[in-house]
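One structure below.
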Amino acid sequence: MKTLFVGLLVLAVGCGKPAETPTAPPPLAEPAPVAGTATIAGKVLFTGDVPKPTLIKMAADPYCASAHDATVPNEELLINTNGTLRNVFVYVRDGLTGTYPPPTTPAVLDQAGCLYRPRVQGLQVGQPLIIRNSDDTLHNVHALGDKNPAFNLGQPVRGMEQKKMFTQPEVMLRFKCDVHPWMTAYLGIVNHPFHATTGDGGTFSLSALPAGKYVVEAWHEKLGTRTQTIELAAGETKTVEFTFTP
Amino acid sequence: MTSRWLHRLAWLTAGATFLLIVAGASVTSNRAGLSVPDWPNTYDQPLWRFPFAKMVGGIFYEHGHRLLASLVGLLTAALALWTFFGQRDRLLRQLGLVALAGVLLQGLLGGLTVKFLLPPPISIAHAALAQAFFCVTIAIAFVTSKNWAAVQPTDAGNARGWALASTIAVYLQLILGAAIRHSERGIIAHICGAIAVITLTIFIVRNLRQFRGPVLTLAGLIILQATLGIITLYIRQPKLAPGQLTALQVLLPTLHLATGAMILGVSFALTFKIFRQAGAAPQPQSIRAYVDMTKPRIVTMVLVTTALGFFLGGSHAWGNLAIALLGVGLATGGSAVLNNYLDRDVDLKMARTRERALPAGLVAPAHALALGVTLVLVGTLALVWAINLLTGFLVLLAAFLYVLVYTPMKRVSWFNTTVGAIPGAIPPLCGWAAATGHLDTGAWVLFAILFVWQHPHFYAIAWMFKDDYRNGGLKMLPIVDPAATFRHTLVYSVVLIGISVLPFCVGMAGHIYAIGAVLLGVWMLAVAIAFTRTKTFADAKRLLKASVIYLPLLVVLMILDRL
């Protein structure tokens, strides 16, 4: 009886699955990258109540505490004096067709004063990342890759540098230091050069874009993402604003 | 005849192990598990060479844990060598070797989880083995004590069963707790487990009065633990949530884990002691006797109807079906064992059941009790953890109705058959709930069919063995009111025909099923009528056979119509 039932179940699985249609082969030749002339420029605004900033407690490592004259604010949400938002990663999410060779100049992730510098940055697939320890203490660099392999490096000595490359786009890949639990950095890995991170002016600019219709996404670690669809003609410059609220 | 120093070394090892568990808990609480990327070295330096001044931040917890672990490793090695070469006691020598193997494996698991960046299965295994190792060190401390050899056997009654079930349940809770910390899964199962442990503790307080000290300690720790658990639940942060943790967010989960280890220690010590007092170590029973107690044929029928519910619920996640069957199977088997446990006096009076494991004396009642409680718990928790809360609830409800309502009711009222038909009809609900997460009309239709079907099925059995049931003092309908037996059999057989067409009415099955169901129903009704006319054993047996053939055929029809 049981055997018969199992047999019927097996039969049921067999009948339940539709025959798979062969998928079309991927196009063989990718179009060569076109040096564009259009630009998306703008800024990222923060509206709403500004939360009271919290402080980082660095007492667990005396070196870190002594590396700063004053107390260090938590960097999860940094609002500039002009009301713009810092550490927002802005990039073209959809709409690009070309392939873009990665730059050979490496991006740098520095550990200085027991903080990652920069906290947020972009990088192209295949572009090297130099990870450096500028501190006189021990750091581990723990990359929580999801699409890229995760890794955990030890950098116990000041001046140590290690080079890493990433093979898959991943927005965002998080770094953490398990010695200093407040240390967090984010890396936006994309397969083109049209990405930027807002600084203390809150502005960004994506230039040399070919004409086309793009979905541009702005990412913030605490406030999530915002997207806009922007259509560009050759040589055109469009100004856009992203607004985040808590 | 063991040295007092060996005994002291054993307690030192157990104490150091407890501290090591708390240190390990601090590593996870402080999220410091990867603050030392290499292993067995610490930042390229041998463990004992790494300077204390560099134990900053997370390294303090991780490296400190490793230092303490190496100390426990040395203590265990000394203990193992001492017991193996210096002692005659077989159990003691075995425990020494088990401890040594455990500590080596534990170190390896710790290293592996660092090397592979804390994969949840390895981290959970590391946490689970830690607690098991702790129990082994306690066992060694007991066996090396001065008065261990002098303990006089006493009748412990059911104490063994309750204590063993409690230890197993607490250990499962520790594994579930580790699962929450390392994989963010199992919170609901852990809460259900907590309720189970609290219930068991209440039974222990009531039943183990002769062990006042440890039992009251256990009860006190459980109350503390529940309080810590509730607070931890509210303030804990997922392990990958960004941001710095507050002191309380670090401290409370650590205290919760430390208290958990203490509870396990006390519960295990109590169990170990009771088993010693109750006589020699339990003789290995034939596995067959244990398997028979789970009533494999009933379990098979339950699994078939569970699978039917799952299939008709419309899910094709066969992995979930496998887990659901495992959970339902374990809980059903456990319920059957508990039914055996409660009925062991009645079973002894009846020819049909005299040869069962408990009345035949093949298995100690305490073992059956512990096995039953454990199986029900593991099955339910597995369902809650891996499937959903509803399925776990249903299987626990069925176990409750079967063990604590139906089983005692057999001695009181003929109505037991109808009450017992409820848990008997729950399995397809479990399957449906496992497939869909809720119960629809279709699930209740299956429930109704099984509920009605069980009446002629069990009345036939009751008639066949009515003399036996009378000897056992069970109030089955053929004994209380023979004429009613036939009336009920006929009524339920007719109702079954109507109910069996319901799947067609609600669109679960097509014409083939409807025609087949009516034909099958009429055939079974004919057999039932013959039985009510002749009232013979032979015709009762025919009805039993017909009912046993009827149900699988109905299931096959329903499935065929769906394909």
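Computed from the coordinates by the stated procedures, all read-outs in this text should not be read as laboratory data. The shown structure was predicted, so the numbers you read here are calculated from the model rather than taken from an experiment. Every residue, glycine as well, gets a Cβ built from its backbone with ideal geometry; the counts of neighbours run over all protein chains shown.
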Any chance segment A:96-107 includes a residue that's closer than 28 Å to B:Glu62 by Cα and either more than 10 Å from chain B (Cβ to nearest Cβ) or touching a Gly at 6+ places or on another chain (Cβ under 7 Å) (or both)? no
Within segment B:227-248, take every residue that is closer than 18 Å to A:His142 by Cα and either among the small types (Gly, Ala, Ser) or within 26 Å of the chain's Cα centre (by Cα) (or both) and give me the one that is surrounded by the fewest Cβ atoms within 10 Å (Cβ to Cβ). B:Ala241
Which listed residue is within 14 Å of chain A (Cβ to nearest Cβ), closer than 29 Å to B:Ile140 by Cβ and in contact (Cβ under 8 Å) with a residue 60 or more places away in the chain, from B:Trp39, B:Trp11: B:Trp39
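Test B:Lys545 against the criterion of being more than 14 Å from chain A (Cβ to nearest Cβ) and more than 27 Å from B:Gly313 (Cα to Cα), and give yes or no.
Values: more than 14 Å from chain A (Cβ to nearest Cβ): no; more than 27 Å from B:Gly313 (Cα to Cα): yes.
So B:Lys545 does not fit the description; no.
Can B:Ala509 be described as surrounded by 20 or more Cβ atoms within 10 Å (Cβ to Cβ) and without any contact (Cβ under 8 Å) to a residue 60 or more places away in the chain? Talk me through it step by step, then tell me what you get.
Working: surrounded by 20 or more Cβ atoms within 10 Å (Cβ to Cβ): yes; without any contact (Cβ under 8 Å) to a residue 60 or more places away in the chain: yes.
For B:Ala509, the condition - surrounded by 20 or more Cβ atoms within 10 Å (Cβ to Cβ) and without any contact (Cβ under 8 Å) to a residue 60 or more places away in the chain - is met.
A quick yes/no check of all residues on (1) surrounded by fewer than 23 Cβ atoms within 10 Å (Cβ to Cβ); (2) not in a loop (DSSP other than H, G, I, E, B):
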{"residue": "B:Ala322", "(1), (2)": "yes, yes"}
{"residue": "B:Gly333", "(1), (2)": "no, yes"}
{"residue": "B:Asn340", "(1), (2)": "no, yes"}
{"residue": "B:Thr353", "(1), (2)": "yes, no"}
{"residue": "B:Leu371", "(1), (2)": "no, yes"}
{"residue": "B:Leu377", "(1), (2)": "no, yes"}
Filtered residue count, segment B:426-460, keeping only those that are without any contact (Cβ under 8 Å) to a residue 40 or more places away in the chain and under 20 Å from B:Ala322 (Cα atoms): 1
Scan segment A:84-91 and give yes if some residue there is crowded, with 20+ Cβ neighbours inside 10 Å, within 14 Å of chain B (Cβ to nearest Cβ), within 16 Å of the chain's Cα centre (by Cα) and of a type in the set (Phe, Trp, Tyr), otherwise no. no
Only listed residue being over 21 Å from B:Thr305 (Cβ atoms), of a type in the set (Val, Ile, Thr) and part of a helix (DSSP H, G or I), chosen from B:Ile499, B:Ile515: B:Ile515
Going through segment A:68-94 in order, the residues found to be of a type in the set (Asp, Glu) and in a loop (DSSP other than H, G, I, E, B) are A:Asp69, A:Glu75, A:Glu76
Filter result (in contact (Cβ under 8 Å) with a residue 40 or more places away in the chain, among the hydrophobic types (A, V, I, L, M, F, W, C) and facing chain B (nearest Cβ under 10 Å)) within segment A:144-191: A:Cys177, A:Val179, A:Trp182, A:Met183
Suppose the filter is without any contact (Cβ under 8 Å) to a residue 12 or more places away in the chain and either out of contact with any strand residue (DSSP E or B) (no Cβ under 9 Å at 6 or more places or on another chain) or of a type in the set (Phe, Trp, Tyr) (or both); does B:Leu74 pass it? yes
